[in-house]
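Laboratory data are not the source of any read-out in this text; all were calculated from the coordinates shown. Since this is a predicted model, take the numbers as computed values, not measurements. Here the Cβ positions follow ideal geometry from the backbone for every residue, glycine too, while neighbour counts run over all protein chains shown.
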Amino acid sequence: PTYREMYEHNRPYDARVQGVLDWLQLPEAERPHFITLYFHETDSKGHDFGPDSPEVNAAIKQLDALLGLLLDGLQKNNMLDKTNIMITSDHGMTNVDIERIIDVQQLLDGFDCQYHEIGPVMMVQPKPGELDSVYQKLQQTAKNFAVYKREDVPEYFHFSKHPFISDIVLIAEMGWSLHTTGSADRYRQRHKTGGNHGYDNHHMDMHGIFYAMGPNFKSGYPTGTVRNIDVYPLLCEIFGIMPRQNLDGDLSRIAFVLKK
């Protein structure tokens with residue numbers, strides 16, 4: 001990028017918006033054509049209190065006001081009608097609580113395994129020679145989660161070919177959390193309720209948002225579900241550049257949002 005600032009988690013949100021507006025006031029030859037802006041407030045409050053909480057509603061109101069600040073700044077500089085704006089998120093959120101914890105290490109008592117990651121997805125690496133025994137034990141005790149050998153993980157997860165993926169993959173049902181004994185104890189001490197993401201993205205709770213406005217976009221047009229991976233080829237189309245060909249994004253799935 002031409003201009004880059006290190007991410008500061010505690011940087012005030014209004015300062016982030018003002019930074020964008022400052023860039024847009026640079027001389028045209030120096031002015032960036034593509035700017036990204038990130039706010040973490042809804043994610044943080046969603047994890048701490050759950051997506052249906054008053055705290056998340058307050059965070060949404062806060063970010064709505066910041067969007068208004070950005071739009072007002074663009075209007076003031078006579079740029080609003082010439083600027084494409086896209087609002088996206090990388091995931092949704094669902095409610096979780098301490099009553100929905102699965103202690104995988106306890107289920108595998110007597111086996112010496114390595115456990116990687118906690119939450120909606122966990123990977124289990126058995127000792128050499130114990131793969132089938134561990135897999136069968138998990139299959140027998142599986143409740144509120146699914147058990148897969150790495151090569152059997154459903155294709156749409158794209159999670160079976162990397163060498164760092166363990167031999168067994170567990171995927172929790174919505175709202176349930178996979179833990180080791182130690183992490184389960186720590187989680188119970190820190191949380192009563194909250195939110196999380198990373199579950200099967202076919203569930204609506206895991207869907208994010210997509211809004212767009214500007215000279216290249218249709219107005220008042222409901223999109224239905226769009227895929228985040230298609231945002232990249234959409235941006236390439238707007239900028240008139242050739243997208244890389246070895247990616248999963250597909251312009252044809254999202255081109256309907258554009259004016260023709």
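As a check on your grasp of the helix formula, calculate [θ] at 222 nm for the chain: sum -39500 (n - 2.57) over DSSP H runs of n ≥ 4, divide by the residue count, round to the nearest 500.
It lands at -9000 deg cm²/dmol.
In the range 1-51, which trypsin sites (Lys or Arg not before Pro) fall in coil by DSSP and have 13 or fewer other Cβ atoms within 10 Å?
Sites meeting the loop and neighbour criteria: Arg4.
Tyr38 to Tyr3: extension gain in nm, 0.36 nm per residue of separation minus the Cα-Cα distance?
11.1 nm
With +1 on each Lys and Arg Cβ and -1 on each Asp and Glu Cβ, and nothing else charged, work out how big the dipole of the range 97-196 is about its Cα centre, in Debye to the nearest 20.
280
Can you tell me which of Asp250, Asp230, Asp109 moves the most in a GNM of the chain? Springs connect C-alpha atoms under 10 Å apart.
Ranking Asp250, Asp230, Asp109 by mean-square fluctuation puts Asp109 first.
Can you tell me which of Gln105, Gln245, Gln140 moves the most in a GNM of the chain? Springs connect C-alpha atoms under 10 Å apart.
Of Gln105, Gln245, Gln140, the Gaussian network model singles out Gln245 as fluctuating most.
Say R0 is 41 Å: what FRET efficiency, to the nearest 0.05, do Ile98 and Leu251 get from their beta-carbon distance?
Efficiency computed from Cβ-Cβ geometry: 0.40.
Distance in nm between label sites at Asp185 and Asn77, each 7 Å beyond Cα in the beta-carbon direction?
With each label placed 7 Å out from Cα toward Cβ, I get 5.4 nm.
Put a dot 7 Å past each Cα toward the Cβ at His202 and Gln25; how far apart are the dots in nm?
About 5.1 nm separates the two model spin labels.
Considering the options Trp23, Phe164, His116, tell which one lies farthest towards the positive end of the dipole of the chain, charges being +1 on Lys and Arg and -1 on Asp and Glu at the Cβ, about the Cα centre.
Result: Trp23.
For a quick check of your reading of the filter: which chymotrypsin sites (Phe, Trp or Tyr not before Pro) in the range 1-80 sit in a DSSP loop and have no more than 12 other Cβ atoms within 10 Å?
Answer by residue number: Tyr3, Tyr7, Phe34, Tyr38.
Mind checking which of Pro27, Pro126, Pro215 has the largest fluctuation in a GNM of the chain, springs on alpha carbons under 10 Å?
Fluctuation is largest for Pro27.
DSSP beta bridges in the chain, what fraction antiparallel, as a percent rounded to 5?
So the antiparallel bridges in the chain amount to around 90 percent.
Can you compute the label reach from Phe111? Point 7 Å from Cα along the Cβ direction, backbone N cut-off under 14 Å, restricted to the range 134-164.
Residues 134-143, 146-150 qualify, since their backbone N sits under 14 Å from the label point.
If the cut-off is 24 Å between C-alpha atoms, which lysines fall inside it for Lys45, apart from same-chain ones fewer than 8 positions away?
Once the sequence-local lysines are set aside, what remains near Lys45 is Lys61, Lys192.
Contour minus end-to-end for Lys192 and Leu63, with contour as 0.36 nm per residue of separation and end-to-end as the Cα-Cα distance?
Gain on extension, Lys192 to Leu63, equals 43.8 nm.
Let me have the relative contact order for the chain, percent, based on Cα pairs under 8 Å that are six or more residues apart.
Working: 347 pairs, mean separation 58.0, N = 260.
Contact order relative to length: 22 percent.
Can you give me the distance in nm between label points at Glu55 and Arg227, each placed 7 Å from the Cα along the Cα-to-Cβ direction?
3.5
Which ³J(HN,Hα) values in Hz, rounded to whole numbers, follow from the phi angles of the range 211-220 under the Karplus curve 6.51 cos²θ - 1.76 cosθ + 1.60, where θ = phi - 60° and Gly and Pro get x?
10, 8, 8, x, x, 8, 10, 4, 10, x
With a/c under 1.5 counting as rounded, go ahead and sort the range 145-204 into rounded, prolate or oblate using the C-alpha gyration tensor (a ≥ b ≥ c being the square roots of the eigenvalues; past the cut-off, prolate if a/b is larger than b/c, else oblate).
oblate
Filter the GluC sites (Glu not before Pro) in the range 28-95 to those in DSSP coil with at most 12 other Cβ atoms within 10 Å of their Cβ, and list the result.
Answer in residue order: Glu28, Glu30.
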